[in-house]
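No value in this document is a laboratory result; all are computed from the given coordinates. Please read these numbers as outputs of a predicted model, since none were measured by experiment. In this analysis, Cβ positions are derived from the backbone assuming ideal geometry, glycine residues included, and neighbour counts consider all displayed protein chains.
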There are 2 protein chains.
Amino acid sequence: MKKISDITIIGAGFMGGSLVKALRRHLPEVTLRAYARSKRSLIRLRKTKIFSEVSQDFKTVVSPADIVVLAAPVEAIIESLRYIKPFLKKGAIVTDLGSSKVEICREAKKILPKEVDFIGAHPLTGSEKSGIAWSHEKLYERSLCLVTADEHDRAAKVISRLWRSVGAKVVFIDPHSHDKMLSAISHLPHLISFSLTDIIPASFAKHAPASLKDLTRISDSPGDIWADIFISNKDNITADINNFIKALKGFQLLLKKKDKIGIVRKIELINRKKRELL
Amino acid sequence: MKKISDITIIGAGFMGGSLVKALRRHLPEVTLRAYARSKRSLIRLRKTKIFSEVSQDFKTVVSPADIVVLAAPVEAIIESLRYIKPFLKKGAIVTDLGSSKVEICREAKKILPKEVDFIGAHPLTGSEKSGIAWSHEKLYERSLCLVTADEHDRAAKVISRLWRSVGAKVVFIDPHSHDKMLSAISHLPHLISFSLTDIIPASFAKHAPASLKDLTRISDSPGDIWADIFISNKDNITADINNFIKALKGFQLLLKKKDKIGIVRKIELINRKKRELL
């Protein structure tokens, strides 16, 4: 397999920053470069001393790269594809850290030249924190990274090696299954958490028990990132919201009938599922 | 203020057990008695060595009590009122740990004799655990206990002293406000968590990220306890489910219109509320 020697990151925030810090440690022979979208970001990224080169010019950082990692909100990832396209070398691999995959993979296929591979990736970890200042080299240790490609593909092997080198377990999945699954296990939970924080009367919040704190913790997540995720996975999320509303209404009906046995039975099935699966 | 010398607990499980363990420590001069509903429970409670007396006979444990603490699911609390009624001494105070208050307070007023006071209480802490084996004397330290009575009432003062003695902060509230508030901050979150676990496809659950784990943690909560809570606070919960569905549909509409600015704005308001209040 080809040796990875030059990696360029576009969007070195919390997730991307954690990846490059881990790469610096586990693949010390690799040359790391970063794109900075502003003077301030340029200074901040240079200060980290992680990168051989930081530049506000796409050509400078993209043209030597074997791998270009796009670590930004979904829409910015798609925009970046257009910016980096003219400078990608033949045989380069472009990958990303986006939380939805169908739209990104489709756009990558449309935008990128034939002699460049795109391999979508989605590490299933994170934080409400943002920015490289909070990033850390252990973020991906024992985490799961979903790679939306055929595992026998040459470029997919390179990208999965990259993730394994920083401690992640790699699972291959197609983009549609990815988006359907993520809608249920991540996007819907975020929408629920946002909606719950939205409706809790302010005067009640000071008495919040642990249960409410658990359910509202992720409602701290950034709007720009989540608006992109929601819109790019709109159809799955819409279906999952409907599913979820149906489940709530199921409880509401049992309540209306004061059907204690029905409620107990339902909760006991849920208890079992929770213990076995979650 | 009258000295508390005899306390009897009916339903010494996780919550009630933690209370008596804390009382044993902080009010060592008090005589603690427990009612056991079965031979097995009698043996288990005697083994704890907390109680001067454990009995399967209501008269034995209720008649000497200054305070009778009902620590059971809502419906069982209401049933217990009938069982203890004939044996309560004049001036005794009956209190409880129930999670909804309107129904319990109304029934207590109906069932108990005039010369006995009922003071509802609801400590806002807990666990998915149940049973006295898991209970511990520090459960109520720095917790909040809602007491549904007039703070100038003699009996309310005794009960709030009891809770303060085990480290809880006491807040007085009327039963209707209590149930309205608890519906929003606890009962709705539990219904949401149950419903979410209910609809997550089993095959996706193994990839559950931290967000889903947070939101489904309390779906482990026992059905018999929660069925009672839901049914006894049915009207508030039904209204809150409707509110919550409206909030979800609000997001769904923004999604349908792919209104990124609208979604970002909404989430940013929610982020602020979360940071300031939760």
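Points worth noting:
- Average other protein chain Cβ within 10 Å of Cβ, residues A:216-228: 6
- The label point for A:ARG24 and the one for A:ARG164, both projected 7 Å from the Cα toward the Cβ, are 2.6 nm apart.
- DSSP bridge orientation in the protein assembly as shown - percent antiparallel, rounded to nearest 5: 15 percent
- Relative contact order of chain A, pairs being alpha-carbon contacts under 8 Å that are 6 or more residues apart, as %: 16 percent
- Each copy carries a label point for B:ARG161 at 7 Å from Cα along the beta-carbon vector; from one copy to the others these points are 7.6 nm apart, nearest first.
- Principal axes of the stretch A:151-258: Cα extent on each, largest first, Å: 58, 32, 24
- The stretch A:128-191 - Rg over Rh from alpha carbon coordinates, Kirkwood radius: 1.03
- For the segment A:180-190, counting C-beta atoms of other chains within 10 Å of every residue's C-beta and taking the mean gives 6.
- Helix B:14-26 axis, angle to chain B major axis (alpha carbon atoms, nearest 10°): 50 degrees
- The label-point distance for B:LYS3 and B:LYS85, in a model that sets each label 7 Å from Cα toward Cβ, rounds to 3.4 nm.
- Between B:ALA149, B:VAL171, B:ALA202, the Cα set farthest toward the positive side of the dipole of the stretch B:147-230 (charges on each charged residue's Cβ, about the Cα centre) is that of B:VAL171.
- Against chain B, whose longest principal axis comes from its Cα atoms, helix B:102-111 is set at around 20 degrees.
- Distances between copies at B:HIS26, taken between label points 7 Å from Cα along the C-beta direction, are 4.9 nm in increasing order.
- Across the copies of the chain, B:ARG40 has label points (7 Å from Cα along Cα→Cβ) spaced 6.4 nm apart, shortest distance listed first.
- FRET efficiency for the pair B:SER127 and A:LYS49, taken as 1/(1 + (r/R0)^6) with r the Cβ-Cβ distance and R0 = 60 Å, rounds to 0.85.
- Within straight-line reach of B:LYS89, meaning a Cα separation under 27 Å, sit the following lysines at least 8 residues removed in sequence or on another chain: B:LYS2, B:LYS3, B:LYS21, B:LYS39, B:LYS49, B:LYS59, B:LYS101, B:LYS109, B:LYS110, B:LYS114, B:LYS157.
- Per-selection metrics, the stretch A:1-89 (Cα): Rg and Dmax in Å: 12.1, 38
- A Cβ-based charge dipole, computed about the Cα centre of the protein assembly as shown with Lys and Arg at +1 and Asp and Glu at -1, lands at about 700 debye.
- By the compact-protein rule of thumb, 2.2 N^0.38 Å, the alpha-carbon radius of gyration of the stretch A:75-201 corresponds to a ratio of 1.16.
- With Cα atoms, 0 to 90° folded angle of helix B:154-165 axis to chain B main axis: 70 degrees
- For chain B, convex hull volume per residue from C-alpha positions, Å³: 148 Å³
- Restricting the GluC sites (Glu not before Pro) of the stretch A:90-177 to loop positions (DSSP other than H, G, I, E, B) with no more than 10 neighbouring Cβ atoms within 10 Å leaves A:GLU115.
- For chain A, adding -39500 (n - 2.57) for each run of n ≥ 4 DSSP H residues and dividing by the number of residues yields -15500 deg cm²/dmol at 222 nm.
- Volume per residue of the C-alpha convex hull in the stretch B:38-135, rounded to whole Å³: 106 Å³
- Euclidean distance of C-alpha centroids, the stretch B:136-176 and the stretch A:192-235, integer Å: 30 Å
- Separation of alpha-carbon centers, the stretch A:30-52 and the stretch B:64-105, rounded to whole Å: 67 Å
- q = 0.06, 0.07, 0.10, 0.13 Å⁻¹, the protein assembly as shown: log10 I(q)/I(0) [Debye, one scatterer per Cα]: -0.39, -0.51, -0.85, -1.16
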